[in-house]
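The values are calculated or read from the model by the stated rules, or taken from the named source; none is laboratory data. Everything numeric in this text was worked out from a predicted model, so none of it was measured. Here the Cβ positions follow ideal geometry from the backbone for every residue, glycine too, while neighbour counts run over all protein chains shown. For the accessible areas, the whole protein counts, side chains as well, though only heavy atoms, and no ligand, DNA or RNA atoms are used. Shrake-Rupley method; radii C 1.70, N 1.55, O 1.52, S 1.80 Å.
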Amino acid sequence: MERWKDIADGNFRIWDLLAQSVLLRNDPLRTPVFGVTDQAGQPHLRTIVLRALDPVQKKLIFYTDARSSKVEALRHSSTAALLFYHPEHKVQVSLLGRVVLH
């Protein structure tokens, strides 16, 4: 198992691992858990597929059907959470951020 020297090294390495996951169909980081809350404040979790990312701007890109319940929840609140886990590297990454619908 790889050891990181400090938080900055780990942060840099996480973005490398996420970029790699976009290219590797079976990579465990490619399918994080995505969480949003609905209008009633109830949490909803689902697995998504990471399609692309921009490590410089810290943007993650995924697609969903415009008719899905997560789109309706995101119209109410643009904040979402993502949870990634890689068993080989023994790394768990939790992100909180703003979602932009296109």
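Remarks
- Looking at S94, S68, just one residue is surrounded by fewer than 16 Cβ atoms within 10 Å (Cβ to Cβ), modelled with pLDDT under 90 and of a type in the set (S, T, Y), and that residue is S68.
- Pairing each residue of segment 57-84 that is β-branched (V, I, T) with any residue that is in a loop (DSSP other than H, G, I, E, B), provided the two are 6+ apart or on different chains, yields C-beta distances under 6 Å for I61/R51.
- Failed criterion for H89 (all others in (1) open to solvent by less than 100 Å² (accessible area, probe 1.4 Å); (2) over 15 Å from the mean Cα position of the chain (by Cα); (3) more than 17 Å from V22 (Cβ to Cβ) hold): (3)
- Among (1) open to solvent by 60 Å² or more (accessible area, probe 1.4 Å); (2) over 17 Å from L95 (Cβ atoms); (3) not hydroxyl-bearing (S, T, Y), the one test that V56 misses: (2)
- Count of residues meeting criterion [under 14 Å from A19 (Cβ atoms) and of a type in the set (A, V, I, L, M, F, W, C)] in segment 47-86: 7
- Extreme residue, nearest to R98 (Cα to Cα), among residues of segment 1-34 that are modelled with pLDDT of 90 or more, buried (at least 16 other Cβ atoms within 10 Å of the Cβ) and β-branched (V, I, T): T31
- Only one of the numbered conditions (1) open to solvent by 70 Å² or more (accessible area, probe 1.4 Å); (2) without any contact (Cβ under 8 Å) to a residue 12 or more places away in the chain; (3) more than 15 Å from the chain's Cα centre (by Cα) is not met by G41, and that is (1).
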